[in-house]
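This report concerns only the one structure given below.
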There are 2 protein chains.
Amino acid sequence: MKVLVVDDETTILETVETKLRKEGFSVFTAESAEDGMRIYKQAKPDLLILDVMLPNRSGMDLCRAIRRDSKVPIIFLTAKASEQDRIQGFEMGADDYVVKPFNLSELAARVKAVLRRSTGDPSKDLIESGNLRIDPKTHDATLEGKTLSLSPKEFALLYFLGRNSGQVFSRDTLLDRVWGPESYVSARTVDVHIRWLRERIEIDPSHPVRLVTVRGVGYKFVS
Amino acid sequence: MKVLVVDDETTILETVETKLRKEGFSVFTAESAEDGMRIYKQAKPDLLILDVMLPNRSGMDLCRAIRRDSKVPIIFLTAKASEQDRIQGFEMGADDYVVKPFNLSELAARVKAVLRRSTGDPSKDLIESGNLRIDPKTHDATLEGKTLSLSPKEFALLYFLGRNSGQVFSRDTLLDRVWGPESYVSARTVDVHIRWLRERIEIDPSHPVRLVTVRGVGYKFVS
DNA sequence: ATATTGCTTAACAGAACGTTAACGACCCAC
DNA sequence: GTGGGTCGTTAACGTTCTGTTAAGCAATAT
């Protein structure tokens with residue numbers, strides 16, 4: 001999930017950025033409304049955090065401009081939170097308010113809450129391939145109706161490969177995308193998880209037809 | 001369709017009124033519970049939007065008074081809304097909740113949703129799954145007809161999970177949605193409440209089939 | 001043939017979860 | 001007030017499960 005933070009105070013920008021990165025977001029920053037608009041157009045973030053008070057054009061103006069062609073969730077940062085400001089913010093389509101000075105964890109929590117509300121979790125789609133179903137909402141994977149009890153990693157790996165069906169991924173890429181960019185584990189680990197998955201979803205694990213090895217490259221999921 | 005909005009903050013009243021007019025509703029407004037009651041009797045609106053906190057008589061009182069002789073749909077506006085507040089509202093006959101600060105489009109969407117629902121089947125708040133019934137209106141949960149005496153938190157948690165049956169929720173999400181967005185309690189607290197619930201609704205609490213653990217993710221309710 | 005790449009297994013360490021008990025806050029009856 | 005009870009939270013400990021690694025074996029390409 002991409003978040004764009006716009007604030008003219010560098011220190012705030014940095015602390016917020018650090019916190020949100022820790023929480024797993026891709027963070028973009030801008031120190032002015034103009035930069036904010038430009039980066040917004042390029043990065044297409046899933047959520048904006050805007051300071052209300054910005055030089056030249058205020059955050060409110062930026063909000064208005066963005067609202068003209070998008071429903072992206074917006075959280076306002078504001079020093080004073082008089083009721084008047086709040087109303088003005090909602091009129092323009094803000095989804096939440098955080099008052100400075102704010103608690104970093106609270107901000108992170110609100111970001112998540114807003115994203116949850118606004119997306120309604122539509123990003124988590126059901127995957128179906130033949131008699132195999134992978135449902136991230138219920139965290140269930142079923143084969144011919146029978147539930148496969150997968151471990152968290154197994155599920156994550158299968159879901160990722162299923163979502164990008166047909167495409168080959170190297171072990172390193174899989175580690176990056178499934179395990180996460182910060183994980184330092186051996187590439188062999190992927191082999192083991194693939195093995196376990198095959199045991200569950202392949203008719204004959206030693207002759208896989210779904211989780212296929214591409215020698216010298218990696219693995220892919222075929223329908 | 002006629003809508004009556006009761007709130008003591010003029011700015012909110014105005015923005016909501018503008019938005020709903022744009023959406024094609026006839027809007028009436030009142031700034032106090034007394035005015036609200038009077039206008040309600042005159043205008044006979046098809047839906048009410050009530051602020052929970054009003055001077056003198058609270059919105060809740062007004063709701064109760066109106067419910068005595070009418071089944072008109074009511075949406076509450078509230079500053080903070082945990083699942084407990086929500087249930088309290090349902091007990092008094094509220095049809096939906098909108099949390100301040102709210103997004104105007106969201107409010108409009110809910111107004112339409114409630115109206116759509118109210119013209120159709122009425123009691124959709126009740127949850128039934130097998131021999132388990134959960135009724136927020138009476139705050140009763142029964143298993144095979146026998147009443148389980150659940151504590152408020154237990155009930156709120158069970159009701160939330162039951163309402164979103166099948167879907168997995170992380171402990172953090174549960175804290176946010178059931179405990180409320182402002183609560184800062186340890187995630188393990190959820191475990192304990194789940195444990196207590198299992199003791200009541202599971203045949204064998206150590207092998208749960210209704211309140212299921214999804215390792216690495218959280219919990220879900222299965223029918 | 002031999003080097004490279006992938007497969008398989010088992011063992012270990014640590015994380016996640018379950019469970020219990022204790023504590024304090026709160027409410028209600030007296 | 002005062003005492004008893006309930007409820008929610010936390011901490012601590014035990015248990016189960018999962019992820020990772022290593023090491024040897026099998027398969028494949030050059």
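The values are calculated or read from the model by the stated rules, or taken from the named source; none is laboratory data. All values reported here derive from a predicted model rather than from experimental measurement. Here Cβ is always computed from backbone atoms with ideal geometry, including for glycine, and neighbour counts include all displayed protein chains. The protein model used for the area step is the full one, side chains on, heavy atoms only, and it has no ligands, DNA or RNA in it. Shrake-Rupley method; radii C 1.70, N 1.55, O 1.52, S 1.80 Å.
Residues are listed down the side, and each one gets a yes or a no for (1) touching a residue at least 12 places away in the same chain (Cβ under 8 Å); (2) within 14 Å of chain A (Cβ to nearest Cβ):
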{"residue": "B:4", "(1), (2)": "yes, no"}
{"residue": "B:10", "(1), (2)": "yes, yes"}
{"residue": "B:18", "(1), (2)": "no, yes"}
{"residue": "B:23", "(1), (2)": "yes, no"}
{"residue": "B:33", "(1), (2)": "yes, no"}
{"residue": "B:36", "(1), (2)": "yes, no"}
{"residue": "B:43", "(1), (2)": "yes, no"}
{"residue": "B:50", "(1), (2)": "yes, no"}
{"residue": "B:55", "(1), (2)": "yes, no"}
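Can you tell me which residue is nearest to DNA strand C (Cβ to nearest atom) among those in region B:152-191 that are outside any helix (DSSP H, G or I) and among the hydroxyl-bearing types (Ser, Thr, Tyr)? Spell out the reasoning first.
Going residue by residue through region B:152-191, those that are outside any helix (DSSP H, G or I) are B:164-170, B:180-187.
Then keep just the ones that are among the hydroxyl-bearing types (Ser, Thr, Tyr); that gives B:165, B:170, B:183-184, B:186.
Values: B:165: 18, B:170: 8, B:183: 13, B:184: 15, B:186: 10 Å.
Restricting to residues being outside any helix (DSSP H, G or I) and among the hydroxyl-bearing types (Ser, Thr, Tyr), the top hit is B:170.
Name the pairs: first residue in region A:127-156 and more than 13 Å from residue A:201 (Cα to Cα), second residue acidic (Asp, Glu), Cβ to Cβ under 8 Å, at least 6 apart or on different chains?
The qualifying pairs are A:127/A:135; A:136/A:125; A:137/A:121.
Does region B:151-165 contain any residue that is exposed (fewer than 15 other Cβ atoms within 10 Å of the Cβ), under 23 Å from the mean Cα position of the chain (by Cα) and within 12 Å of DNA strand D (Cβ to nearest atom)?
Yes: region B:151-165 contains one or more residues that are exposed (fewer than 15 other Cβ atoms within 10 Å of the Cβ), under 23 Å from the mean Cα position of the chain (by Cα) and within 12 Å of DNA strand D (Cβ to nearest atom).
What's the number of the condition residue A:176 fails, among (1) outside the structural domain of residue A:11 (by TED's automatic domain parsing); (2) in contact with a strand residue (DSSP E or B) (Cβ under 7 Å, 6 or more places away or on another chain)?
(2)
So which residues in region B:171-186 are over 22 Å from residue A:98 (Cβ atoms) and surrounded by fewer than 15 Cβ atoms within 10 Å (Cβ to Cβ), if there are any at all?
The answer is B:186, and nothing else.
Within the group B:173, B:138, B:142, which residue is more than 13 Å from DNA strand D (Cβ to nearest atom) and within 13 Å of chain A (Cβ to nearest Cβ)?
B:173
Would you mind stating whether residue B:197 is away from every other protein chain (no Cβ under 12 Å) and in contact with a strand residue (DSSP E or B) (Cβ under 8 Å, 6 or more places away or on another chain)?
Spelling it out, residue B:197 is indeed away from every other protein chain (no Cβ under 12 Å) and in contact with a strand residue (DSSP E or B) (Cβ under 8 Å, 6 or more places away or on another chain).
How do the strands (runs of 3 or more DSSP E) wholly within region B:16-88 filter down when requiring 3 or more residues that are open to solvent by 10 Å² or more (accessible area, probe 1.4 Å) and not hydroxyl-bearing (Ser, Thr, Tyr): which remain?
Output list is empty.
Report whether or not residue B:134 is over 21 Å from residue A:139 (Cα atoms), among the hydrophobic types (A, V, I, L, M, F, W, C) and open to solvent by 40 Å² or more (accessible area, probe 1.4 Å).
No; evaluated as a whole, the condition is false for this residue.
Of the conditions (1) part of a strand (DSSP E or B); (2) within 10 Å of chain A (Cβ to nearest Cβ), residue B:213 satisfies every one except a single condition; which number is it?
Going through the list (1) part of a strand (DSSP E or B); (2) within 10 Å of chain A (Cβ to nearest Cβ), residue B:213 breaks only (2).
How many of the residues making up region B:138-166 are closer than 22 Å to residue A:126 by Cα and touching a Phe, Trp or Tyr at 6+ places or on another chain (Cβ under 8 Å)? I'd like the intermediate steps shown before the answer.
Taking region B:138-166 as the starting set, the residues that turn out to be closer than 22 Å to residue A:126 by Cα are B:161-166.
Going one step further and asking which of them are touching a Phe, Trp or Tyr at 6+ places or on another chain (Cβ under 8 Å), we end up with B:161-162, B:164-166.
Residues in region B:138-166 being closer than 22 Å to residue A:126 by Cα and touching a Phe, Trp or Tyr at 6+ places or on another chain (Cβ under 8 Å): 5 in total.
Residue A:168 is checked against (1) within 21 Å of residue B:220 (Cα to Cα); (2) modelled with pLDDT of 90 or more; (3) open to solvent by 40 Å² or more (accessible area, probe 1.4 Å); (4) among the hydrophobic types (A, V, I, L, M, F, W, C) and fails just one. What number does that condition carry?
Condition (1) is where residue A:168 drops out.
Out of the residues in region B:205-215 meeting the condition of being within 9 Å of DNA strand C (Cβ to nearest atom) and farther than 30 Å from residue A:105 by Cβ, tell me which one is surrounded by the most Cβ atoms within 10 Å (Cβ to Cβ).
Here is the first cut: in region B:205-215, the residues within 9 Å of DNA strand C (Cβ to nearest atom) are B:205-208, B:211-215.
From what's left, farther than 30 Å from residue A:105 by Cβ: B:205-208.
Numbers: B:205: 14, B:206: 6, B:207: 8, B:208: 18.
By that ranking, first place goes to B:208.
Only one of A:112, A:153 is basic (Lys, Arg), modelled with pLDDT of 75 or more and not assigned by TED's automatic domain parsing to the domain that holds residue A:51; which?
Values: A:112 fails: not assigned by TED's automatic domain parsing to the domain that holds residue A:51.
One residue alone meets the criteria, A:153.
What are the pairs with Cβ atoms under 8 angstrom where one residue, in region B:206-223, is within 12 Å of DNA strand D (Cβ to nearest atom) and the other, located anywhere, is assigned to a strand (DSSP E or B)? Sequence gap at least six, or different chains.
Listed by first residue and then by second, the contacts come to B:213/B:219; B:214/B:220; B:217/B:170.
Here are some residues: B:218, B:145. Which one is among the small types (Gly, Ala, Ser) and buried (at least 18 other Cβ atoms within 10 Å of the Cβ)? Working first, answer last.
Values: B:145 fails: buried (at least 18 other Cβ atoms within 10 Å of the Cβ).
Going through B:218, B:145 in turn, just one is among the small types (Gly, Ala, Ser) and buried (at least 18 other Cβ atoms within 10 Å of the Cβ): B:218.
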